[in-house]
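Participant: Below is one structure. I have some questions about it.
Bear in mind these aren't lab numbers, they're just calculated from the coordinates by the rules spelled out. In this text the structure is predicted, and so the values were computed from the model without any measurement. Every residue, glycine as well, gets a Cβ built from its backbone with ideal geometry; the counts of neighbours run over all protein chains shown.
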């Protein structure tokens, strides 16, 4: 699996190679970064290194039977804890869906995982029964006589249940490794974080995303360039756009800002009603995309040369950048972040989108450049 060598984070891979070569890899590792930064492909790559029966300078050979099984996610000593719906659900029961999901998009977010596991729209968590099942399995001897690995994907869903893992992380069974993966590091118990070697995954560069799309997923070069611009350093979004598996974020964001700028009450109501009708995870995904777009496109456009593709959305952003005081965008981002948090807390989304749209409209009006007003 070429993905294990090419997950868009060459600097992180280099750090691991040094640690592995020195034989100093600890038994608990925490990988954290924004959605689409490669934390899951990175975890799978590191797990393969740990499970390889004939490593070369600590790094997986990618050729032995252990590597072959690890790459197919069928290694008997590779375990997973996954966010699931239903307190009696066990991760092992979802391994087939998990393999399918990773095969389709290893950069996926939680919402995309819920689609594969058929629990879309339901609240997911990592549950007590699942933790107890996995810790029992880890206490046994390894099937192949070597190392054992537990990957805890989206480990922020452990919440207080993380205490059930704490003792095992402090005093792990022989040859047992824990890899925690999260995009909300602060939600993990401090007692667990302090016992892990932590690796930060920065947003993947546009160059890396373009390279992955072309070389790993065989995307047409022109299409890859456009998707790279739209993905805003999120490889998960890039994959979803490439496969048309999520709402068209670019078009929806353009429609939203046009609605805000037109200031027609009926259009505002129509758009907010449509957005509120989407699944909450889709709404959260849209807000994350909007936040990243405002930050990256409007604040750093001189570095990115964003107007090289004169699509509708680029023209819209160009117009907004030229007509409003740049200080307004921090307030807009703060409003979007607040909206994201409220959706996560199960707010009434129809009222939330109406309030957020009107608030941004009024904020922009207050910061319209003077020469435009006159």
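Participant: Suppose the chain between residue 322 and residue 185 were pulled fully straight at 0.36 nm per residue; how much longer would it get relative to their current alpha carbon spacing?
Facilitator: Extending this stretch completely gives an extra 45.6 nm.
Participant: Relative to the longest principal axis of the C-alpha atoms of the chain, give the angle of the C-alpha long axis of helix 39-51, reported between 0 and 90° and rounded to the nearest 10°.
Facilitator: With both axes taken from Cα atoms, the answer is about 10 degrees.
Participant: Evaluate the distance, in nm, between pseudo-label points positioned 7 Å from the Cα of residue 248 and of residue 136 along their respective Cα→Cβ axes.
Facilitator: Once both label points are built, they end up 5.1 nm from each other.
Participant: Counting alpha carbon pairs within less than 8 Å and at least 6 residues apart, what relative contact order, in whole percent, applies to region 79-197?
Facilitator: So the answer I get is 29 percent.
Participant: Go ahead and run the numbers for FRET between residue 334 and residue 163, Cβ-Cβ distance against an R0 of 25 Å, rounding to 0.05.
Facilitator: 0.15
Participant: A follow-up question, please. Tell me the angle of helix 328-344 to the major Cα principal axis of the chain, expressed in degrees between 0 and 90 and rounded to the nearest ten.
Facilitator: 50 degrees
Participant: What ranking of 322, 208, 341 emerges when the number of other C-beta atoms within 10 Å of each C-beta is taken as an exposure proxy, fewest first?
Facilitator: Lowest count first: 322, 341, 208.
Participant: Only helical DSSP H runs with n ≥ 4 go in: add -39500 (n - 2.57) per run for the chain, normalise by residue count and round the 222 nm mean residue ellipticity to 500 deg cm²/dmol.
Facilitator: Only helices count here, giving -15000 deg cm²/dmol.
Participant: Next question. Only Cα pairs under 8 Å and at least 6 apart count here; give the relative contact order of the chain as a rounded whole percent.
Facilitator: Relative contact order of the chain: 18 percent.
Participant: Next question. Any idea how far apart residue 280 and residue 261 come out in nm if each label point goes 7 Å out from Cα toward Cβ?
Facilitator: 3.3 nm
Participant: Here's a follow-up. Starting from the Cα gyration tensor of region 2-201, take the square roots of the eigenvalues, sort them a ≥ b ≥ c, and report rounded, prolate or oblate (rounded when a/c is under 1.5, otherwise prolate if a/b is larger than b/c, else oblate).
Facilitator: rounded
Participant: Please identify, among 105, 183, 348, the residue showing maximal mean-square fluctuation in a Gaussian network model of the chain using a 10 angstrom Cα cutoff.
Facilitator: Answer for the Gaussian network model of the chain: 348.
Participant: For region 28-82, what does the alpha-carbon gyration tensor say about shape, rounded, prolate or oblate, given a ≥ b ≥ c as the root eigenvalues, a/c under 1.5 as rounded, and a/b over b/c as prolate?
Facilitator: Because a/c hits 1.5 or more and a/b exceeds b/c, region 28-82 counts as prolate.
Participant: Something else about it: Using only Cα atoms, find the angle between the long axis of helix 312-323 and the longest principal axis of the chain, and express it within 0 to 90 degrees, rounded to the nearest 10.
Facilitator: Between the helix axis and the principal axis of the chain, the angle is about 60 degrees.
Participant: Test of understanding: in a Gaussian network model of the chain with alpha carbons linked when under 10 Å, which of 235, 336, 154 would top the mean-square fluctuation ranking?
Facilitator: Ranking 235, 336, 154 by mean-square fluctuation puts 336 first.
Participant: For region 1-146, what is the relative contact order in percent, using Cα pairs closer than 8 Å and at least 6 residues apart in sequence?
Facilitator: 22 percent
Participant: Counting only DSSP beta bridges with both residues in the chain, what percent are antiparallel, rounded to the nearest 5?
Facilitator: Looking only at bridges with both residues in the chain, the antiparallel portion is about 15 percent.
Participant: Residue separation times 0.36 nm, minus the C-alpha to C-alpha distance between residue 217 and residue 96: what's the value?
Facilitator: Separation in residues times 0.36 nm, less the Cα-Cα distance, equals 41.3 nm.
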